[in-house]
Amino acid sequence: MRVYLDRNFLLTYAASFVSLFGSKLLMISYVAFVYGETGSATLASAVFAADWVANLFVGLFTTHYIDRADARRLLLRLNLAAAAVTLLFLACLSPDQFPVAVAVIFVRALLNSAVNAARVKALVQFFDKRQTDLYSAVLNSSLFIAIAVAGAAGTVILRFVGMGTVVLVDVATFLVSAALFALVRPNRARIEEARRAAGDLREGVAAHVRSAARIIVRTPVVSTAVFYIVLTVTAFQATYLVLITAVPDLWFSLGEPGTAMFFTAESLAVIAGLFLYQYLSRRELVPETRQRRLNAAVTGFAVCMYAALPAARSSLALALAAFVAMVLAVEMVWAHQYKRLIAHTPEAKVSAVVGLLSALGYSLMAVFGSVFSWVMDTLGAEWAVTLDLVLIALLVTGWEARAHRLGSRHAKSIRPARTRQPRGTGGQGGEGPRSDGRGRGAEPAAAAGPVRRS
């Protein structure tokens, strides 16, 4: 644990957590408020959708500037702006102001998405390369922990003091986060290095996004990381957030305290999954040579636990146990793939790649959350979970089959030439090139064209 006692890491983690907690506190509290007032999961999910879709705009149009910016200064300004915008929500507390409230949440989400992109850039401006690799998964796990804690705290605060207090607490979190970021001491050498790399590119916004897309498509490690990260935040997180907002009352008649309980369980499972992954990773128990098997095994376990959740609706303890096990497995997948993403992405493009990932992931979160809510309202929670799990199985099977196929092609393309010829005409045991040059061995790479790697 001593490696996490670094001053800059502690300040950055605390500031990130407080800022993310503030960004999610109001949204999740308002979702609970809307669901309590209307009983509609579909209407409540519109709040999540407004938050998630905002990431599309930031991911596509602002990361060009974030990659060139001073991350510390940008984080200060964004948190102060978020505090000011949040105050507007005091005028949106009545149910008839729902459209205005969603618009405010959308603007806050734009700021929050920019904060997330700037936090990624801070990884290469606040720390040296070894620390960046060590802290990347831990620092960015603060998002999931903040969501879970915000869900628990928001529902409790809402139950006892009302939305007005939630708004004021929210404003205070952004001010505290700005103060903490002001105390961070950036790594000046890394800042200059990153600025030179970004400045030499001389790209416009569209070119910056295209180059980030090329990195994702052409780098197998990055493309696999993007696939699993998107899978965890859409088919898993987006759906179970909707589910645990409603099922504590639907299944166990617990209301807001039940929702708070599930969100608290999520936060503990995220922390456990993160540090379990860090323990295994630092002992080199997550080798690159077994990636496909590990990905399939952990994702398969998460699917089984998700499937067990509706089956355990007769017992709160069993439902919580299945939920915690599922979130723990999902967090391990996410932490591992996020670490691989940061490690294999050029520093000058890190915000662009993560921004494009966020645009894709959060937009799909809105789709998954909305569709899952609609199925819950029309067919019931059990059918919603079943259809979601079938989709996860198809996606993972298809992706891993594709990766295996490309891996086989790559292995064949680099296999040494082996040809048959009669004994006594050259070579040992019938192996070796034919004298006419028409052997069956692989052609040289230059002649055969580019090699595709898995």
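Points to keep in mind about this one:
- Residue within segment 269-279 that is in a helix (DSSP H, G or I), out of contact with any Leu (no Cβ under 8 Å at 6 or more places or on another chain), without any contact (Cβ under 8 Å) to a residue 60 or more places away in the chain and among the β-branched types (Val, Ile, Thr) present: no
- Counted residues, segment 153-170 - those being more than 16 Å from residue 34 (Cα to Cα) and small (Gly, Ala, Ser): 1
- Within segment 220-238, one or more residues are of a type in the set (Gly, Ala, Ser), surrounded by fewer than 22 Cβ atoms within 10 Å (Cβ to Cβ) and part of a helix (DSSP H, G or I).
- Segment 308-326, subset farther than 15 Å from residue 389 by Cβ and in contact (Cβ under 8 Å) with a residue 40 or more places away in the chain, residue most open to solvent (accessible area, probe 1.4 Å): 313
- Residues satisfying the stated conditions in segment 84-123, i.e. under 12 Å from residue 19 (Cβ atoms) and among the basic types (Lys, Arg): 108, 119
- All of 192, 256 fail the test of being touching a helix residue (DSSP H, G or I) at 6+ places or on another chain (Cβ under 7 Å), of a type in the set (Asp, Glu), at negative phi and open to solvent by 60 Å² or more (accessible area, probe 1.4 Å), apart from 256.
- Failed item in (1) at pLDDT below 85; (2) surrounded by 16 or more Cβ atoms within 10 Å (Cβ to Cβ); (3) over 25 Å from residue 366 (Cβ atoms), with residue 112 passing the rest: (3)
- At least 3 residues being open to solvent by 50 Å² or more (accessible area, probe 1.4 Å) is the threshold, and among the helices (runs of 4 or more DSSP H) wholly inside segment 1-104 those reaching it are 7-38, 41-61, 71-87.
- Filtering segment 239-261 to residues that are over 19 Å from residue 51 (Cβ atoms) and in a helix (DSSP H, G or I) leaves 247, 248, 249, 250, 251, 252, 255, 256, 257, 258, 260, 261.
- Residue 343 falls short on exactly one of the conditions (1) crowded, with 22+ Cβ neighbours inside 10 Å; (2) under 16 Å from the mean Cα position of the chain (by Cα), and that condition is (1).
The values are calculated or read from the model by the stated rules, or taken from the named source; none is laboratory data. Predicted model only: the values in this text are computed from it and were never measured. Glycine also receives a Cβ, built like all others from the backbone with ideal geometry; neighbour counts cover every protein chain displayed. Note: areas computed on protein heavy atoms with side chains; ligands, DNA, RNA excluded. Shrake-Rupley method; radii C 1.70, N 1.55, O 1.52, S 1.80 Å.
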